[in-house]
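Worksheet: the structure to be examined is printed underneath.
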Amino acid sequence: MFLTSLTQWAANIGDLSRDYRVYAIDVMGQPSKSIPDQPIQSREDYVAWLSEVLDALDIKSTNLVGASFGGWLTLNYAIGAPERVNKIVPLSPAGGFLPLVKQFYVRGMLNTLFRRRFAMDSFVRWTAYDENLRDPSTRLVMYCIADQMYLGTRYFRMQAGVPPDVFSDEELRGIQVPTLLLIGQQEVIYDPEGALERASRLIPNFEGELVPRASHEMTISQHEIVDRRVLEFLKR
C-alpha cells in the first residue's frame, strides 16, 4: 500500500503463513527503514529491485500477492519478469486496469499540502466501506495505517517514484501466469466492475471476483474471505 508498510498484512499473515513461507516486503522508496541509494524512476526499476530482493533470498520463482500499490507492482512484475513468477494475486490494485478517480488525487494533494492528521483520517475513511469501520479489529488496523501514512507524509522524504498507471491491452494480454484478481464490490478509487471486466477480457489465464461489503480496505475488513480465496487459488 502506498505510504505505509507491511502493517497492512496484520490481518492476513496468520492464515497465509500456515502453509507457505511468507515474506512481507516494504516497497523501496516508501516510508520504511530502507533508503534507496538510487531513486526508482521507471517500471523497470521496480522490476529490477524486486528481482534483487528475490536473489538475496535465493528465490528463483515465487507466488506474488500484493494489495493496493502492491497489487499494481505485482502486475508490473508479472509483465516485466514472468520467468520469476508462478502465480499472482493482485488485491484491489491501485491502478493497472482503469484510471483512478479524480477525488483520489484531490485528497492526496490536500494531504501533501496540509499534512494534518484529520486530513489523513478523512482520506483513509473515504477508502473504506463505512460499515466495516464499526468492527474494532478493522478500525485498529486502519488507525495504524492512517498513522503511518500521516507520519510518512510529514517526516519521510518521498522520492519521485512511478505512479501506478494503466497497463496497455498488449501488456495485460502478455500476462501468461495464472492470475486471481479480487476487488471490493464498493471500491471507490475506480469502477470495480469495469476493472474486473477489462482484466477478464485481456488476461489469458484469469479468474476474479468482487468481494461484497468491502472497498479498498478489503484485505483487512474481509480478510477471512480474501485469505480463503487466495489459498484456494494458490493450492489448486
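Bear in mind these aren't lab numbers, they're just calculated from the coordinates by the rules spelled out. All values reported here derive from a predicted model rather than from experimental measurement. A quick note on method: Cβ atoms are made from the backbone with ideal geometry, for glycine too, and the neighbour counts reach across all protein chains shown.
Return, ordered by residue number, the residues of the range 14-54 whose backbone nitrogen is under 20 Å from a label point located 7 Å along Cα→Cβ of Met109.
none
Give me the one-decimal nm value for the distance between modelled label points at Glu207 and Glu224, 7 Å along each residue's Cα-to-Cβ direction.
2.2 nm
Exposure proxy check: Phe123, Phe167, Phe114, Phe206 ranked by fewest other beta carbons within 10 Å?
Ordered by Cβ neighbours within 10 Å, fewest first: Phe114, Phe206, Phe123, Phe167.
I'd like the FRET efficiency for Asp55 and Tyr20, computed as 1/(1 + (r/R0)^6) with the beta carbon distance as r and R0 of 35 Å, rounded to 0.05.
Efficiency, from the Cβ-Cβ distance: 0.95.
Only four residue types carry charge here, +1 at the Cβ of Lys and Arg and -1 at the Cβ of Asp and Glu. Report the dipole size of the range 6-235 about the Cα centre in Debye, rounded to the nearest 20.
Values: 24 positive and 29 negative charges, 133 e Å.
Value, rounded to 20: 640 debye.
Using the Cα atoms of the chain to build a convex hull, what is its mean projected area in square nanometres? Intermediate results must be reported in sequence, preceding the final value.
Values: hull surface 47.4 nm².
Quarter of the Cα hull surface area: 11.9 nm².
Give me the net charge for the shell around Ile183: Cβ to Cβ below 10 angstrom, other residues only, Lys and Arg +1, Asp and Glu -1.
On the way: positive: none; negative: Glu187, Asp191, Glu193, Glu209.
For residues surrounding Ile183, the net value is -4.
For the chain, with the dipole built from +1 on Lys and Arg beta-carbon atoms and -1 on Asp and Glu ones, taken about the Cα centre, which of Phe118, Ala78, Ile13 lies farthest toward the positive end?
Result: Phe118, furthest along the dipole toward the positive end.
With Cβ to Cβ distances under 12 Å as the rule, what net charge do the other residues near Glu207 carry (K, R +1; D, E -1)?
So the environment of Glu207 carries a net charge of +1.
As a test of the formula, what do you get for the chain when each DSSP H run with n ≥ 4 contributes -39,500 (n - 2.57) and the sum is divided by the residue count, at 222 nm and rounded to the nearest 500 deg cm²/dmol?
Calculated at 222 nm, the ellipticity per residue is -13500 deg cm²/dmol.
So between Lys102 and Tyr143, what do we pick up on full extension, going 0.36 nm a residue minus the alpha carbon distance? All intermediate terms of the calculation are to be shown ahead of the outcome.
Values: separation 41, 0.36 × 41 = 14.76 nm, distance 2.42 nm.
Extending this stretch completely gives an extra 12.3 nm.
Residue separation times 0.36 nm, minus the C-alpha to C-alpha distance between Asp37 and Glu131: what's the value? If you can, show how the numbers build up before the last one.
Numbers: separation 94, 0.36 × 94 = 33.84 nm, distance 4.26 nm.
The Asp37-Glu131 span can extend by a further 29.6 nm.
For the range 1-63 and the range 191-212, what is the separation of their Cα centres, given in Å?
So the separation of the two Cα centres works out to 24 Å.
Over the chain, calculate the relative contact order: mean separation of alpha carbon pairs under 8 Å at least 6 apart, over the residue count, as a percent. Spell out each step's value before the answer.
Details: 378 pairs, mean separation 58.2, N = 236.
In percent, rounded to a whole number, it is 25.
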